[in-house]
Amino acid sequence: MPARRFADGEVVMGRWPGSVLYYEVQVTGYNDVTHLYTVKYKDGTELELKESDIRSQSSFKPRKSQSSSSSPSRRNTSRSRSRSPGRPGRGRRRSSSQSRERKEDKKRTAQETDLVLLVLFKMNENNTRRYNGEPDSTGRNDTSCKILEQKFKPDLEIQRVLDQYSLHSRREEKKKEEIYSEKKIFEAATSTASTEKASPKTKELEFGGRIGTFMMILLLPATVLYLLLMCKQDDPSLLNFPPPLPALESLWETRVFGIVLLWFFLQALFYLLPIGKVVEGLPLSSGRKLHYRINGFYAFVLTAASIGALLYFQFELTYLYDHFLQFAVSAAAFSLGLSIYLYVRSLRTPEEELAPGGNSGYLVYDFFTGHELNPRIGSFDLKYFCELRPGLIGWVVINLAMLLAEMKLHNLSVPSLAMVLVNGFQLLYVVDALWNEEAVLTTMDITHDGFGFMLAFGDLVWVPFVYSLQAFYLVTHPTAISWPVASAITVLNCIGYYIFRSANSQKNRFRRNPSDPKLAYLKFIPTATGKGLLVTGWWGFVRHPNYLGDIIMALAWSLPCGFNHILPYFYVIYFICLLVHREARDEHHCKKKYGLAWERYCQRVPYRIFPYIY
C-alpha cells in the first residue's frame, strides 16, 4: 500500500483539472481505496486530485538566474570594465540600455503570462457553461476579465500593429508557439474530462447509512399500515396504541393485486401515447441530455374519463374504501418487486449512468437510495413515469372514493363541507403538478437521486395512501365546519399555493434560461460552476420558499378534520420533518458544490424556510 505524502491541513499547490495551471489548495482528506486527495481551493471549491497533480509549495519558489550566480571574479571584471577611464560614457550607456532592455523584456513576459491566464480563464469559463447548458461568458458580466482587458488594452493595440507588419523577433515567435501549444493541451484535457467523466463512489451516506436504510425498508411499510389501522378505529387516539391487528390472510387479496397491476399498466399506456411535446432534461455528467414526453395532464384527463365511464355503468368505487388495507399491501408488494428488478438491472449499468448518491458499493444502501440514475426500457423512463403518474393520479381517485364512501355510509345526498375542502385542495395540487410537469425535470429526484426502494415505495405507496389520510379519516370521523371557517382555510391554502407555485416557476425558468429578458429584474450571485444563486424574488426572501408553501398547504389540508385527534396532522408533522431533512441535505450539497458563493448567499439570505424563525 503506497504511503501518504501530504497530510490533512497541509497547504500545497494543486493542478486545476484539464489545465496545466497550479493553484494554492488545502488538503482536507485522503481516500485509502482510490488514493485520491480531497483538496479545497481558495474560492471554496472541493475536488479530488491524484498525488501526481499535487506539488509542495517549495517546488514553486523562484530560482536565481545564472547571471546572478556568476563568480565574483566575473562580476568584478564586469564592474571594472564599465568604469574604464578610456570609455567612461559608453560603458554607462551600454549598462543603462541593457538594464532597460531587461526591464522591458520582463514586462513583456509578465504581460504575455497574464494574457495566457486571461485566455485560459475564458476558455475554462465558456467550457464550463457550455457543459452546463448555459450561455457563454460573452452574454454575461465578468469583472476579472474586464479588468485585465482594460489594463492591457494599449499593449494589445501595439501587439496588433506588430502582428500586421510582422515585427516580431524569433524569441517572441517561439513564445507564441509555446502559448499556442499550451492552449491546445488545455482544450484537449478539457474535452477529455467532459466526455469521460464517470459517476464517483458515494462517500457520505445519508439516512443513517447501511443500518438506517435497512431499518427504513422495514419501518416505512409498517408506518403506512399503522396509520390506516388507526384511522379505522372509533377512537384514533395515540393512547390506543397498538391498534388491533387483522389476520394476516385478510391483508392479501389476489383480485386487489390484479387491480393494482391493471392501474399501473393503464397509466403506462397513457404515458406511451404519442401526444404532448417532447423536451430535453438537464445535462447528465457525460453531457448527454435525455428526452421526456410531457403528457401527464392528458393522462389525467383520460383517467378522469375512464373513472366517469365506470361510475356511469354503476361500478362501486367505494370498493377502494372497503379494501383499502389490501390495496396498500398490494401496492407495497409491487413496489418491492419493482425495486428488486431495478437493483438487479443496475448491476450491468455503465459507471457513468449510476446515481451519484447511490453508488456506495453497499447492497442495502444502494438498494434503498437507488443505484441507477435514469433506468429506462427503450424510451420508457421508469423513474420519471412513477414520479407523477400512478401514485399522484391514484391519490385523486382514492380521495374521490372516500367522498363517495362518506355519502354512502352516512346517507348523505351531498358530501360534507370538510370532505369537499380536502378533495378540492388536493385536486388543485395534483392538477398543478401535472400541468407544470416539465418543472419536475430540474428537481433533485430526477437530476441526483437514483431510482430504488425509497422513490418506488414513496411514489407508489406513500403518496397515494398517506397523502389521502385526511379523506380516509373523515369517512369514519365526520367533522362539521362553518362557512366562515371554511373560507379562512381556503384563503390559507391559496396563500400557500401561490408561494409554492410562483417560487418553483421562478427557479425553473432561471435554471432553463438565465438570460431570459422576463427575468432581468432578478439579481444573482455568480458561482464557479457557471450557474447563479438568486438573491431577489422569492429566493431572496428565504432559501427554500417552495418548502414554506408546501407546509402552509399541508396545514390547510388538515384543518378541515378539526382538533379532536392529532392523527390527521401526521401529514403536517411528517412534511415539516421531511422538508427540514431535505433542507439540510440541500444545504450540504450546495455548500460543497458552490463553495464561497454559497456562503455569500447564506449571509444575504439568512432564513432557511420560515422567515424570522428558521
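Tally the residues that are open to solvent by 40 Å² or more (accessible area, probe 1.4 Å), part of a strand (DSSP E or B) and either touching a Gly at 6+ places or on another chain (Cβ under 7 Å) or in the same structural domain as TYR594 (by the TED database) (or both), restricting the search to the range 12-45.
3
Residues in the range 410-417: is at least one in the same structural domain as ALA328 (by the TED database) and within 28 Å of ALA332 (Cβ to Cβ)?
Checked the range 410-417: no residue is in the same structural domain as ALA328 (by the TED database) and within 28 Å of ALA332 (Cβ to Cβ).
Which condition does MET553 not pass, out of (1) within 20 Å of TRP462 (Cβ to Cβ); (2) surrounded by fewer than 19 Cβ atoms within 10 Å (Cβ to Cβ), if it passes all the others?
In the conditions (1) within 20 Å of TRP462 (Cβ to Cβ); (2) surrounded by fewer than 19 Cβ atoms within 10 Å (Cβ to Cβ), MET553 misses (2) alone.
Would you mind stating whether VAL605 is more than 22 Å from PHE465 (Cβ to Cβ), free of Cβ contacts under 8 Å to residues at least 60 places away in the same chain and β-branched (Val, Ile, Thr)? Give the derivation first.
Numbers: more than 22 Å from PHE465 (Cβ to Cβ): yes; free of Cβ contacts under 8 Å to residues at least 60 places away in the same chain: no; β-branched (Val, Ile, Thr): yes.
Considered against the rule, which asks whether it is more than 22 Å from PHE465 (Cβ to Cβ), free of Cβ contacts under 8 Å to residues at least 60 places away in the same chain and β-branched (Val, Ile, Thr), VAL605 comes out as no.
In this structure, does THR476 turn out to be open to solvent by 10 Å² or more (accessible area, probe 1.4 Å) and under 19 Å from the mean Cα position of the chain (by Cα)? Steps first, answer last, please.
Working: open to solvent by 10 Å² or more (accessible area, probe 1.4 Å): yes; under 19 Å from the mean Cα position of the chain (by Cα): no.
When the stated conditions are applied, THR476 does not pass them.
Inspect the range 312-331 for any residue being over 17 Å from ILE377 (Cβ atoms), open to solvent by 20 Å² or more (accessible area, probe 1.4 Å), under 27 Å from the mean Cα position of the chain (by Cα) and not charged (D, E, K, R) and give the result as yes or no.
Here is the first cut: in the range 312-331, the ones over 17 Å from ILE377 (Cβ atoms) are 312-331.
Cutting the leftovers down to open to solvent by 20 Å² or more (accessible area, probe 1.4 Å) gives us 312-316, 319-323, 325-326, 329.
From what is left, the residues that are under 27 Å from the mean Cα position of the chain (by Cα) are none.
There is no residue in the range 312-331 that is over 17 Å from ILE377 (Cβ atoms), open to solvent by 20 Å² or more (accessible area, probe 1.4 Å), under 27 Å from the mean Cα position of the chain (by Cα) and not charged (D, E, K, R).
Among ASN436, ASN504, which is the only one that is touching a helix residue (DSSP H, G or I) at 6+ places or on another chain (Cβ under 6 Å), open to solvent by 20 Å² or more (accessible area, probe 1.4 Å) and under 24 Å from ASN374 (Cα atoms)?
Values: ASN436 fails: touching a helix residue (DSSP H, G or I) at 6+ places or on another chain (Cβ under 6 Å).
None of the other options fit; the residue is ASN504.
Would you say TYR292 is in contact (Cβ under 8 Å) with a residue 60 or more places away in the chain, in the same structural domain as PRO375 (by the TED database), surrounded by 11 or more Cβ atoms within 10 Å (Cβ to Cβ) and of a type in the set (Ser, Thr, Tyr)?
Values: in contact (Cβ under 8 Å) with a residue 60 or more places away in the chain: yes; in the same structural domain as PRO375 (by the TED database): yes; surrounded by 11 or more Cβ atoms within 10 Å (Cβ to Cβ): yes; of a type in the set (Ser, Thr, Tyr): yes.
So TYR292 fits the description; yes.
Go through (1) over 25 Å from LEU460 (Cβ atoms); (2) open to solvent by less than 60 Å² (accessible area, probe 1.4 Å) and name the single condition VAL260 misses.
(1)
If you go through the range 228-255, how many residues are of a type outside the set (A, V, I, L, M, F, W, C) and assigned to a helix (DSSP H, G or I)? Write out each step before concluding.
Within the range 228-255, the first condition is being of a type outside the set (A, V, I, L, M, F, W, C), and the residues that meet it are 232-237, 240, 242-244, 246, 249-250, 253-255.
This time we only want the ones that are assigned to a helix (DSSP H, G or I), so: 232, 240, 249-250, 254-255.
Number satisfying all stated conditions: 6.
Identify, from the list ILE551, ILE576, the residue that is among the β-branched types (Val, Ile, Thr), part of a helix (DSSP H, G or I), within 29 Å of PHE207 (Cα to Cα) and touching a residue at least 40 places away in the same chain (Cβ under 8 Å). First the steps, then the outcome.
Details: ILE576 fails: touching a residue at least 40 places away in the same chain (Cβ under 8 Å).
Answer to the selection: ILE551.
Give GLU406, GLU352, GLU387, GLU372 a once-over and let me know the one that is out of contact with any Pro (no Cβ under 8 Å at 6 or more places or on another chain), in contact (Cβ under 8 Å) with a residue 60 or more places away in the chain and under 30 Å from LYS232 (Cα atoms). Can you show your working first?
Working: GLU406 fails: out of contact with any Pro (no Cβ under 8 Å at 6 or more places or on another chain); GLU352 fails: under 30 Å from LYS232 (Cα atoms); GLU372 fails: under 30 Å from LYS232 (Cα atoms).
After ruling out the rest, the residue left standing is GLU387.
The values are calculated or read from the model by the stated rules, or taken from the named source; none is laboratory data. These numbers come from a predicted model, not from an experiment. As a convention, Cβ positions derive from the backbone with ideal geometry for all residues, glycine included, and neighbour counts pool all protein chains shown. Calculation scope for accessible area: heavy atoms of the full protein, side chains included, ligands and nucleic acids excluded. Shrake-Rupley method; radii C 1.70, N 1.55, O 1.52, S 1.80 Å.
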